[in-house]
Amino acid sequence: MAPLLQVDNLTIRFPRAEPVRDLSFDIGQGETLAIVGESGSGKSLTALALMQLLPRAAKVASGRIAFGGRDLLKLDAREMRHLRGRDIAMIFQEPMTSLNPVMTIGRQIAEVLKVHERLSGRAASERAVELLKLVRIPAPEKRVDDYPHQLSGGMRQRVMIAIAVACKPKLLIADEPTTALDVTIQAQVLDLLDTLRRELQMAVVLITHDLGVVAQWADKVVVMYAGRKVEQALPGDLFNNPLHPYTRGLLAASPRLKNDFHYRDGALSEIPGSIVSAAGEAGCPFRPRCAQARASCGHHVPQLTVPAPDRLVACPFTSPIKAVPHAAALSL
Ligand SMILES: Nc1ncnc2c1ncn2[C@@H]1O[C@H](COP(=O)(O)OP(=O)(O)OP(=O)(O)O)[C@@H](O)[C@H]1O
Ligand SMILES: [Mg+2]
């Protein structure tokens, strides 16, 4: 069966930079794909490209985004508006900036239903209460008349999720959905997302810095570095046997996972340096920070290879390292 979403060789260009390059991945129906990578690796721009909401200065320079067999890049603005919010929805990191501060949450949910589902005012209001119930907001009949500032951060994020899933989208893009929340609330919100994914049969693109989140909630993982995919794996394979030097660094630097792995080759506890703009540079984008870099790494960008089933890596010098996982901590 064709995947729900298939992204082929996506390149996003600003006048002086290409922050996403040659990126390909796909997501099956109901699947959770995690995209990880440090700040500036191009995760949010990728999400915005899927929604066709890139900043004005940015263009999709090349590539293809197929959703349910349709090429999103060929849709006109009206067709895309129709799709957005109904078939593909997105939740952002900071719910306060995405909610309207002077409109009750009930009305904000109802608006979406009126636009996309053509529900009457009354039907939309009733459905808004049901949606608040669906996202486990207590006393939804009362809460529906609250304004965003009357809710806690976690509750606001639940409202954002209610808006996003109001039309039962086939694909939900969650860009750092819990970063702004307390750690205890984070797990609740992610649990909720996962439950809704199953109940509504949604596919989820989960963008996160947090590898602990990936271990628990993802079906497959794309690791991005400087706008490129450097590794892709099933979570268990990624954690037990990270292949790309950048992935190894990410794992070793992850506070939640650090104690669960004991790398025998003494992996880095942090990755020195920062993402440099790879624009115009030859060679592997990770080379300036890679402890294993060789002269040949400067010659050309490493191609993705398939070292094992369900596995991709863009480093010709990778050799499997042994890590001993703490099975209970990973619950894989
Ligand atoms: N309007 C813009 N003009 C030029 N470059 C931009 C613009 N917006 C983003 N970028 C660049 O694109 C790169 C990727 O940005 P993006 O927001 O996708 O990163 P990210 O992986 O989501 O990071 P974070 O984890 O911090 O959210 C960054 O290096 C950023 O500087
Ligand atoms: Mg981002």
Name the residues in region 233-254 that are among the hydroxyl-bearing types (Ser, Thr, Tyr) and either buried (at least 24 other Cβ atoms within 10 Å of the Cβ) or under 17 Å from the mean Cα position of the chain (by Cα) (or both), would you? Tyr246, Thr247
Pick out the one residue from Phe92, Phe67, Phe14 that is aromatic (Phe, Trp, Tyr) and away from ligand 2 (no atom under 16 Å from the Cβ). Phe67
Residue pairs within 9 Å by beta carbon, gap of at least six or interchain, first lying in region 196-219 and on the phi > 0 side of the Ramachandran plot, second small (Gly, Ala, Ser), listed first then second, are Gln201/Gly30
Only one of Val205, Val230 is surrounded by 24 or more Cβ atoms within 10 Å (Cβ to Cβ), modelled with pLDDT of 95 or more and touching a Gly at 6+ places or on another chain (Cβ under 9 Å), namely Val230
Looking at (1) without any contact (Cβ under 8 Å) to a residue 40 or more places away in the chain; (2) more than 16 Å from ligand 1 (Cβ to nearest atom); (3) surrounded by 19 or more Cβ atoms within 10 Å (Cβ to Cβ), can you tell me which one Asp26 breaks? (3)
Answer yes if at least one residue in region 92-112 is closer than 22 Å to Ala174 by Cα, at pLDDT 95 or above, surrounded by fewer than 19 Cβ atoms within 10 Å (Cβ to Cβ) and acidic (Asp, Glu), and no otherwise. no
What helices (runs of 4 or more DSSP H), lying completely within region 144-253, carry at least 1 residues that are in contact with a helix residue (DSSP H, G or I) (Cβ under 7 Å, 6 or more places away or on another chain) and among the hydroxyl-bearing types (Ser, Thr, Tyr)? 245-252
Mind counting the residues in region 117-166 that are surrounded by fewer than 16 Cβ atoms within 10 Å (Cβ to Cβ) and in contact (Cβ under 8 Å) with a residue 60 or more places away in the chain? 0
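The values are calculated or read from the model by the stated rules, or taken from the named source; none is laboratory data. Bear in mind that the values here come from a model prediction, so they are computed numbers and not experimental data. With ideal geometry, Cβ positions are generated from the backbone for all residues, glycine too; neighbour counts draw on all protein chains shown.
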